[in-house]
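These notes concern the structure reproduced below.
The values are calculated or read from the model by the stated rules, or taken from the named source; none is laboratory data. Just so it is clear, the model here is predicted, and its values are computed rather than measured. Here the Cβ positions follow ideal geometry from the backbone for every residue, glycine too, while neighbour counts run over all protein chains shown.
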Amino acid sequence: MKDKDALKLHEEMKGKMFVGEKIPLNFDNLSLLYTPGVAEPCLDIAKQKERAYDLTWKWNSVAVISDGSRVLGLGDIGPLASLPLLEGKAMIFSKFGGIDAVPLAISQMSVDETVSVIKALRYSFGAINLEDISIPRCFDILDRLIEELDVPVWHDDQQGTATIIVAGLINALEIVGKKLNSVKIVLLGAGAANSSVYRLLRHAGLDAKQFYVFDKDGILGSHRKDLMDVKVFKNICDETNPKGVNVLIEDAVKGSDVIIALSKPGPNVIKPEWIKSMNKDAIVFACANPTPEIDPKLALDSGAKIVGTGRSDYPNQLNNALVFPGMMRGALDVRAKKISWGMAFAVSKEIALIAKEKGLRPDFIVPRLDEPELHFRVAKATAFKAIEEGLTDVKLTEDKVQKLIRDHLNKVI
């Protein structure tokens, strides 16, 4: 029923977005907003490029870009079919971040061509949000754009998922009284999301020996010659399993503390007997959509203490939307040149703290999307970390940063 309702709504609206103007255009101001008056800001920017942030929408604009090669769980449905999703993502940027986001569907191309096209668009936008690009291309595209562009580049399937998963993990471990640097973690699925969970946790100081990482063909390790051409996969293989030991998943899970599953829809992807073999007070994040890898109730009945999913109709929804509007708001407001793993981890800790202040429970490890201060605090954590890491040339006091963020969010929230 909901599927038919969604299709009907989209058909009635004929798209979810439109382009508007900040002031009415009329004959009295036409000469100021367009020719001849517009020549003056054009010349000003030509003399000093940074003035584009003061004189155009660049300061508050994000391009939401996909080639449709991996849309949700639908797979390669093409760029045109990705547009409804991109519009929805742009709406969330607008509603919760006060950001002017533009959906852009581009052709499927090689990594080099995709990077070249996105770099060519950089003059119009203050940041880039990549969306639903297939692996392994998404890794190289993201890493190259981060390196080659001087505006923030964000891939929500990678950094956004990792940020909220780590936030949930921090609080889940707090509840069960375990330390982040001492738990044994099984990552089930090694795509864009879980490979980034691994990267973020490594940035947070975890040892590679704490991880067992599996994809559909088994454990990752130096024996996986099929993965050695992809830098991200090769690093995980070499770091977590340098001797290439072929461990079965049921053996890896035995005596583990955490399963983070971002693999394929369930049920029965995670077996109840696996959870029964885990350490006491086990944590299970079964995040496949639309159906988690194991039913949350079954996971709890099998011995898990805390269960998280990607769905809103279960407790502990680990939702990227808790992250990306505030993250991009903070990055834009300090004109950050990049979004680093350090910024992502700072946001993980801040989201965890918000929930902790509300009172942690096994069924409450992250805040709700409508938490009044959520996006402000995420933006603030992002901005302060960017300044701390030297990723912006803008000189702003902490009070000025907070006022900027607050003013922009107050207009929409």
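Of all residues being surrounded by fewer than 21 Cβ atoms within 10 Å (Cβ to Cβ) and closer than 18 Å to I185 by Cβ in the stretch 303-316, which is nearest to the chain's Cα centre (by Cα)? Just the residue, please. Please lay out each step first, then the result.
In the first step, residues of the stretch 303-316 are kept if they are surrounded by fewer than 21 Cβ atoms within 10 Å (Cβ to Cβ); the result is 303, 305, 311-315.
The next check asks that each one be closer than 18 Å to I185 by Cβ; those that pass are 303, 305.
Numbers: G303: 30, K305: 26 Å.
Across the stretch 303-316, the extreme among qualifying residues is K305.
Of the numbered conditions (1) part of a helix (DSSP H, G or I); (2) surrounded by fewer than 21 Cβ atoms within 10 Å (Cβ to Cβ); (3) out of contact with any strand residue (DSSP E or B) (no Cβ under 6 Å at 6 or more places or on another chain), L169 fails exactly one; give the number of that condition.
(2)
Among (1) loosely packed, with under 10 Cβ neighbours inside 10 Å; (2) farther than 21 Å from I92 by Cβ, there is one condition G37 misses while meeting the rest; what is its number?
Single failed check for G37: (1).
So, L300, is that one in a helix (DSSP H, G or I), outside the structural domain of I141 (by TED's automatic domain parsing) and within 18 Å of D157 (Cα to Cα) or not?
no
How many residues does the stretch 239-254 contain that are buried (at least 16 other Cβ atoms within 10 Å of the Cβ), outside any loop (DSSP other than H, G, I, E, B) and not hydroxyl-bearing (S, T, Y)?
Number satisfying all stated conditions: 4.
How many residues does the stretch 53-88 hold that are aromatic (F, W, Y) and crowded, with 17+ Cβ neighbours inside 10 Å? Spell out the reasoning first.
Going residue by residue through the stretch 53-88, those that are aromatic (F, W, Y) are 53, 57, 59.
Still in the list and also crowded, with 17+ Cβ neighbours inside 10 Å: none.
Final tally of qualifying residues: 0.
Take L353 and tell me if it is out of contact with any strand residue (DSSP E or B) (no Cβ under 8 Å at 6 or more places or on another chain), surrounded by fewer than 23 Cβ atoms within 10 Å (Cβ to Cβ), at pLDDT 95 or above and not in a helix (DSSP H, G or I).
No; evaluated as a whole, the condition is false for this residue.
Restricting attention to the stretch 267-290, which residues are in a loop (DSSP other than H, G, I, E, B), surrounded by fewer than 17 Cβ atoms within 10 Å (Cβ to Cβ) and of a type in the set (D, E, K, R)?
K271, K280
Determine, yes or no, whether A331 is in a helix (DSSP H, G or I) and either within 19 Å of the chain's Cα centre (by Cα) or in contact (Cβ under 8 Å) with a residue 12 or more places away in the chain (or both).
The answer is yes for A331.
For the stretch 172-193, does any single residue satisfy the condition of being crowded, with 23+ Cβ neighbours inside 10 Å and closer than 28 Å to P84 by Cβ?
From the stretch 172-193, those crowded, with 23+ Cβ neighbours inside 10 Å are 172, 186-188, 190, 192-193; that's our starting set.
So of that shortlist, the ones also closer than 28 Å to P84 by Cβ come out as 192-193.
Looking for residues that are crowded, with 23+ Cβ neighbours inside 10 Å and closer than 28 Å to P84 by Cβ, one finds at least one in the stretch 172-193, hence yes.
Out of the helices (runs of 4 or more DSSP H) lying entirely within the stretch 1-115, which hold 2 or more residues that are under 19 Å from the mean Cα position of the chain (by Cα) and not small (G, A, S)?
On the way: elements: 2-13, 30-33, 39-47, 52-55, 83-97.
Passing ranges, in order: 83-97.
For the structure I just gave you, tell me whether I219 is crowded, with 20+ Cβ neighbours inside 10 Å and among the aliphatic types (A, V, I, L, M). First the steps, then the outcome.
Numbers: crowded, with 20+ Cβ neighbours inside 10 Å: yes; among the aliphatic types (A, V, I, L, M): yes.
When the stated conditions are applied, I219 passes them.
Select from the stretch 395-413 the residues that are in a helix (DSSP H, G or I) and among the polar types (S, T, N, Q) and write down the one among them that is modelled with the highest pLDDT. First the steps, then the outcome.
From the stretch 395-413, those in a helix (DSSP H, G or I) are 398-410; that's our starting set.
Next, from what is left, pick out any that are among the polar types (S, T, N, Q): 402, 410.
Details: Q402: 94, N410: 90.
For the stretch 395-413, the residue satisfying everything is Q402.
Given the conditions (1) surrounded by 15 or more Cβ atoms within 10 Å (Cβ to Cβ); (2) part of a helix (DSSP H, G or I), and given that E293 satisfies all but one, which numbered condition is not satisfied?
It fails just one condition, (2).
Take V284 and decide whether it is out of contact with any helix residue (DSSP H, G or I) (no Cβ under 8 Å at 6 or more places or on another chain), outside the structural domain of L142 (by TED's automatic domain parsing), at pLDDT 95 or above and among the hydrophobic types (A, V, I, L, M, F, W, C).
On the way: out of contact with any helix residue (DSSP H, G or I) (no Cβ under 8 Å at 6 or more places or on another chain): no; outside the structural domain of L142 (by TED's automatic domain parsing): yes; at pLDDT 95 or above: yes; among the hydrophobic types (A, V, I, L, M, F, W, C): yes.
Considered against the rule, which asks whether it is out of contact with any helix residue (DSSP H, G or I) (no Cβ under 8 Å at 6 or more places or on another chain), outside the structural domain of L142 (by TED's automatic domain parsing), at pLDDT 95 or above and among the hydrophobic types (A, V, I, L, M, F, W, C), V284 comes out as no.
All but one of (1) part of a helix (DSSP H, G or I); (2) charged (D, E, K, R); (3) touching a residue at least 12 places away in the same chain (Cβ under 8 Å) hold for K305; which doesn't?
The number of the failed condition is (1).
Any residue that is surrounded by fewer than 15 Cβ atoms within 10 Å (Cβ to Cβ) and under 18 Å from G189 (Cβ atoms) - is there at least one of those in the stretch 255-266?
First pass over the stretch 255-266, keeping only residues surrounded by fewer than 15 Cβ atoms within 10 Å (Cβ to Cβ): 255, 264-265.
Now restrict to residues that are under 18 Å from G189 (Cβ atoms): 264-265.
Checked against the condition, which is being surrounded by fewer than 15 Cβ atoms within 10 Å (Cβ to Cβ) and under 18 Å from G189 (Cβ atoms), the stretch 255-266 yields at least one hit.
Does any residue of the stretch 330-343 turn out to be touching a helix residue (DSSP H, G or I) at 6+ places or on another chain (Cβ under 6 Å), of a type in the set (A, V, I, L, M) and more than 30 Å from F125 (Cβ to Cβ)?
no
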